[in-house]
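Heads up, the thing below is written out as structure tokens.
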Amino acid sequence: MNNYILSIDQGTTSSRSVLFDLDGNIAYLEQQEFEQHFPKDGYVEHKPEDIWASVQQTITAVMKHLDPQRDKVIAIGITNQRETTIVWDKITGEPIYNAIVWQDRRTSELCNRLRVAEKEDLIIKKTGLLIDPYFSATKINWILENCPNAREKAEKGDLIFGTVDTYLLWKLTSGKEHRTDATNASRTMLFNIHTQEWDSELLELLDVPVKMLPEVMDTSDDFGIADERYLGYEVPILAMAGDQQAALFGQTCFQSGMAKSTYGTGCFMMVNTGDKVLESKNRLLSTVAYRLNGKPTYALEGSIFIAGAAIQWLRDGLQLIQKADETELLANNTSLDHGIYMVPAFTGLGAPYWDSDARGAIFGLTRDTGIKEIVTAGLQSVCFQTKDLQKAMEADGVRPQVLKVDGGMVINSWLMQFLSDVLGAEVDRSTISETTALGVAYLAGLKAGVFPSLESLAASWNCDRRFVPNMTKLKRDELYAGWCNSVKKVQSGGE
Ligand SMILES: Nc1ncnc2c1ncn2[C@@H]1O[C@H](COP(=O)(O)OP(=O)(O)O)[C@@H](O)[C@H]1O
Ligand SMILES: O=P(O)(O)OC[C@H](O)CO
């Protein structure tokens, strides 16, 4: 009998189902994109039924690779785009509104009111987060205020809320389980990361009835049993984790000070801070990295909203390239002295600026600026934004020796070398690119007892390539100063 763990990785633009063997190798992977909806400026939505259909289809497709006589899935782990908010009817199972995606800015007015009411310190203290439309709380509030009869039904206990993990669990267990894990709960702005409980003061402030909220479990836990109609037999769901936390786990960053950065649609840099919540003085987030046996491990996080999405824009918006991988050759043929800066603040700026009114710009254009310079500036913007996070982390006293990287962009070696040059730090690319799925497979496998310990997992991590800085400090400082100037020009309170 061959045993497998199924990771369901539900991301912003696509869903993946990945079967891992019990040595942590990818056996089979199926992926499906789904539609993005932008009904108004600043609005980003998904249809919950599209999310669920894409997950179901990838599960069905990946299971086709297995022989039911010989192969068995022994556990499921779910990892997901975080913060994205769904509210549905407990009886009918129907969502009352589309999923409001993490990138959505519609609640910036409510966020401003909370800031004016001087609630930011309280929120930082309890949740480790800042006031921003990014997190789930103001999105739930918006749904309750704007959908017919929603508030009344929620007060009666007829409506329930979930981030995408919770919604998928509810679907897979045919409505039996309404649960989340501590990492996802820590992104709602309603969860007290110190007490590990929903916070009644914040629930009152955001006007969210406690009855709507899922039970919060450990990251590795008995979440429920997937109905036999999905895999052909019942399978326990033994892990759930937000995708960035799962990537940290998959990169085996188990010790305080270990860091990873994931380059997909956005970029999320996280450093393990052990059993301590680090209160950032530089507008970074403190969050739950994972919770095992009731014991939380924390992380410091810098979230950048646009990374690979800038390359998508160069491809689909400006049509300067046809495929993302063309960017590497173009950058290889461009001098670093091109003088162009692109600030991709399409949906405002995330950490450490948190400026939802900033908008993107390209600076330094001359008559000889061509496609390759603009594309190179797009790639460089991802590295400069990471440098912003590195500086903020350093100012908080956190200095990781090495940055482990993953996500769709890291295949671009020019980008990784420039990242190492700009950071002045070593950058390690792991052999497994699906670190997010791997992380939640590890978490499920720990619960199933097939992986003995964190140490054994850490020993299995392999480096594909290490990038070492190869740029003078003078050049690095000069390039970065140009970036800082450009950012100042796009900030809403800027020049
Ligand atoms: N060779 C490349 N160079 C630069 N960017 C790339 C390259 N290949 C893919 N990308 C970018 O990586 C992103 C996809 O990464 P992925 O981790 O799959 O994203 P997500 O999980 O957020 O949907 C896309 O935004 C794409 O533009
Ligand atoms: O789905 P991704 O990979 O773009 O990740 C989204 C993040 O979880 C948002 O916080």
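The values are calculated or read from the model by the stated rules, or taken from the named source; none is laboratory data. As the structure is a prediction and not an experimental result, all values here were calculated from the model. Don't worry about glycine lacking a Cβ; one is built from the backbone with ideal geometry, like all the others, and counts go over all protein chains shown. Side chains are part of the model used for accessible areas, which takes the heavy atoms of the whole protein and leaves out ligands, DNA and RNA. Shrake-Rupley method; radii C 1.70, N 1.55, O 1.52, S 1.80 Å.
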Cross-link table LYS47/LYS295; LYS139/LYS171; LYS126/LYS156; LYS391/LYS488, entries beyond 23 Å C-alpha to C-alpha: LYS47/LYS295; LYS126/LYS156
Share, in percent, of DSSP beta bridges within the chain that are antiparallel, nearest 5: 70 percent
Protein accessible area in the chain, 1.4 Å probe - carbon and sulfur %: 47 percent
Length gained when the stretch ASN462-HIS65 is fully extended (0.36 nm per residue, less Cα-Cα span): 140.3 nm
For GLU426, residues with placed amide H under 5 Å, excluding near neighbours: LEU403
With DNA, RNA and ligands ignored, accessible area of THR472 (1.4 Å probe; Å², nearest 10): 90 Å²
Accessible surface of GLU197 - all protein chains present, 1.4 Å probe, nearest 10 Å²: 110 Å²
Flagged links, alpha-carbon separation over 25 Å, of LYS176/LYS211; LYS387/LYS473; LYS64/LYS90: LYS64/LYS90
Residues of the chain: accessible area per residue with a 1.4 Å probe, Å²: 39 Å²
Projected label distance in nm at GLU155 and GLU279, using a 7 Å step from Cα toward the beta-carbon: 3.6 nm
Beta bridge orientation in segment 2-243: antiparallel %, DSSP, nearest 5: 65 percent
Estimated FRET transfer efficiency (ILE26, ILE91; beta-carbon r; R0 41 Å; 0.05): 0.55
Under the span-like rule (Cα at least 20 Å along the axis, Kyte-Doolittle mean at least -0.5), DSSP H helices of the chain: 48-63, 371-395
Spin-label model distance (nm) - GLU394 vs THR366, 7 Å beyond Cα toward Cβ: 2.9 nm
For the chain, calculated [θ]222 nm from helices alone, where every DSSP H run of n ≥ 4 adds -39500 (n - 2.57): -10000 deg cm²/dmol
Calculated FRET value between LYS211 and GLN255, using beta carbons and R₀ = 30 Å, to 0.05: 0.15
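What does the charge count near TRP170 come to, summing +1 for each Lys or Arg and -1 for each Asp or Glu among other residues with Cβ under 9 Å from its Cβ?
Here the count lands on +2.
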